[in-house]
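Each value in this text was obtained by applying a stated rule to the coordinates, not by laboratory testing. All of these numbers come straight from a predicted model, not from anything done at the bench. Please note: Cβ atoms are built from the backbone with ideal geometry, for glycine as well, and neighbour counts cover all protein chains shown.
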Amino acid sequence: MQKKLLATVVASLVAGQAMALEVYNDDTTSLSIGGRIGVTTNDDNKEMGNDSSRINFKFGHKLSSELTAIGVAEWSFDPTAKSGENVFGNRLGYVGLDHSELGALTAGKQWSVYSDVANWASDNLLFNGGIAIGIYDGLNGDGGIHGTGRADDAFAYRNTFGGLNIGLQYQLKSSDTRTLKDADQIDYFQQWNRKTGASQIAVSYDLPMGLSVGYTYSQARFNKTTQGDTKPDHINHAGDSAKAHVFGVKFDHEDLYVGFNYGEFKHHASLKSGLIAEKAKATDLYASYALSSLVDGLAVFGAYQNLDFDKDASGAKTKEELKIASIGVKYQTGPMMFGVQYDQNDSKNAAGKKENDNIFSFNARYYF
């Protein structure tokens with residue numbers, strides 16, 4: 001039971017990870033190191049790039065037969081960085097207690113309980129996954145401020161009761177600034193304040209034969225002021241709450257995996273400009289099939305992401321829409337994974353015009 005709970009706490013951390021190196025384990029204290037080194041390129045820029053490489057350290061110490069202290073730290077790094085460029089960045093850092101019956105309580109920057117359900121579909125893609133369903137949306141690129149991705153300043157509780165999985169999360173107050181560009185490409189500064197924190201709940205149930213259903217809700221309340229440029233920002237109307245509702249269904253049995261998410265958002269989904277739309281709806285579908293009967297380690301996959309913006313940041317109707325269909329193949333042998341993915345991008349700008357190129361992407365990863 002305790003091992004199951006601990007695995008739930010860090011499930012998103014190690015998703016897709018082939019292995020981890022156990023550095024130390026004396027049956028009381030343990031330390032393991034994991035992560036991946038990844039490189040990628042595509043037929044658009046034809047340059048070598050970083051494929052979300054990272055390294056993590058997981059610590060555990062048994063306080064009793066039922067209670068374990070845990071700590072996780074993870075950093076991103078860029079193996080393709082040139083001299084003088086930033087190489088490392090923070091991804092995760094949290095501590096907690098895991099009890100075999102009472103559940104796990106963690107504090108710090110961690111994967112959100114929202115993502116426990118919202119990552120069932122396209123977040124499993126090799127590239128450009130999870131962008132429609134709100135995991136990485138909000139005022140920064142990892143969902144940290146809104147608490148839907150790698151949540152900042154968060155307390156989270158998770159537990160499992162038979163097939164029922166429950167997650168609760170609360171973020172403390174916080175404030176920061178960021179730089180955006182207006183329509184004339186002029187920089188201006190937006191200062192935000194998470195006024196009363198943010199809260200989330202996630203509930204899912206695992207049925208027989210690999211079928212699961214789930215729901216998650218997120219709410220973050222903001223105050224904000226704009227500095228630098230006199231033009232209105234409308235990142236979040238002062239005092240409004242950023243809200244996200246996501247329903248999920250997944251089927252995982254033998255070689256077949258299918259995941260589906262549907263989401264509705266208010267002051268949460270990010271427009272192409274970087275501003276936050278007043279209202280949006282999302283459909284997210286992913287399926288993969290392992291061709292183990294043909295070649296061990298070979299799998300095919302496909303996905304469809306649609307984010308329909310009903311109203312833009314000012315509350316006006318907009319024709320902007322994100323629409324991406326993806327197909328691909330990946331092959332894993334030992335710690336190595338090789339993949340290719342094609343994205344048919346039919347997204348539209350605020351005027352309803354398509355302005356994105358379709359793209360082939362390739363990657364190689366070494367998991368450790």
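Given a Förster radius of 41 Å and the C-beta distance between residue 46 and residue 293 as r, what FRET efficiency does 1/(1 + (r/R0)^6) yield to the nearest 0.05?
On the way: r = 35 Å, r/R0 = 0.86.
Computed FRET efficiency for residue 46 and residue 293: 0.70.
For the range 104-367, count all C-alpha to C-alpha pairs, find those more than 31 Å apart, and express that count as a whole percent of the total.
Values: 10174 of 34716 pairs.
The calculated P(r) of the range 104-367 puts 29 percent of pairs beyond 31 Å.
Give or take rounding to whole Å, what are the principal axis extents of the alpha carbon atoms in the range 247-326, in descending order?
Reported extents, whole Å, longest axis first: 53, 22, 16.
Quick one: plug the Kirkwood hydrodynamic radius of the range 59-142 (C-alpha pairs) into Stokes-Einstein at 10 °C, 1.306 mPa s, and report D in µm²/s. Intermediate values should be presented prior to the final figure.
Details: Rh = 15.5 Å.
Roughly 103 µm²/s, to the nearest whole number.
Would you mind computing, in nm to one decimal, how far apart the modelled labels at residue 161 and residue 57 are, each placed 7 Å from Cα along Cα→Cβ?
3.8 nm
Using 7 Å Cα-to-Cβ label points, what is the residue 86/residue 213 separation (nm, one decimal)?
Each label point lies 7 Å from its Cα, and together they span 4.3 nm.
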